[in-house]
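Take a look at the structure set out below.
The values are calculated or read from the model by the stated rules, or taken from the named source; none is laboratory data. Remember, it's a predicted structure, so these values are computed and weren't measured experimentally. Positions of Cβ are backbone-derived with ideal geometry, glycine not excepted, and every protein chain shown enters the neighbour counts. Just so you know, the surface numbers come from the protein's heavy atoms only, side chains and all, with ligands and any DNA or RNA stripped out. Shrake-Rupley method; radii C 1.70, N 1.55, O 1.52, S 1.80 Å.
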Amino acid sequence: MDKILASKTALELAKQVLAIEAEAIQGLAARLGQSFLDAVALLLNCKGRVIVSGIGKSGHIARKIASTMASTGTPAYFVHPAEASHGDIGMIARDDVLIALSNSGES
């Protein structure tokens, strides 16, 4: 009996989470504007590579973004910001585009 009750509770929770996520995605659609188009144009016209960077959880996400871009045909790689300040900044060239991720927007 407890397993049946628990599975119904889990199902309701899953439905609630999906509804919240769907609402958040719909809210993002309304925020798309010229800055989105500018970012797309920057990436499409990039003559170098796309460098993605972030620290902490943002770094994990940045690494995944760089990996996905590279595997779909966009030359991209991850540069850790702390390593960049210790010499890896030389991996970034003039024609590259940098995507810097930050959870708070402060770093």
In the stretch 43-50, is there at least one residue being at pLDDT 95 or above, in a loop (DSSP other than H, G, I, E, B) and more than 20 Å from the chain's Cα centre (by Cα)? yes
Taking Glu106 as meeting all but one of (1) part of a helix (DSSP H, G or I); (2) at pLDDT below 90; (3) within 20 Å of the chain's Cα centre (by Cα); (4) not basic (Lys, Arg), write down the number of the exception. (1)
I need every pair where a residue in the stretch 28-47 that is closer than 21 Å to Tyr77 by Cα and without any contact (Cβ under 8 Å) to a residue 60 or more places away in the chain has its Cβ under 9 Å from the Cβ of a residue that is of a type in the set (Asp, Glu) and open to solvent by less than 100 Å² (accessible area, probe 1.4 Å), sequence separation at least 6 or different chains. Cys46/Asp95; Cys46/Asp96; Lys47/Asp95; Lys47/Asp96
When residues of the stretch 59-93 are limited to those that are in contact with a Gly (Cβ under 8 Å, 6 or more places away or on another chain) and at pLDDT below 95, the one surrounded by the fewest Cβ atoms within 10 Å (Cβ to Cβ): Ala93
In the stretch 94-107, how many are touching a Cys at 6+ places or on another chain (Cβ under 6 Å) and either open to solvent by 60 Å² or more (accessible area, probe 1.4 Å) or more than 23 Å from Leu44 (Cα to Cα) (or both)? 0
Inspect the stretch 37-54 for any residue being within 23 Å of Glu106 (Cα to Cα), in contact with a Gly (Cβ under 8 Å, 6 or more places away or on another chain), of a type in the set (S, T, N, Q) and surrounded by 10 or more Cβ atoms within 10 Å (Cβ to Cβ) and give the result as yes or no. yes
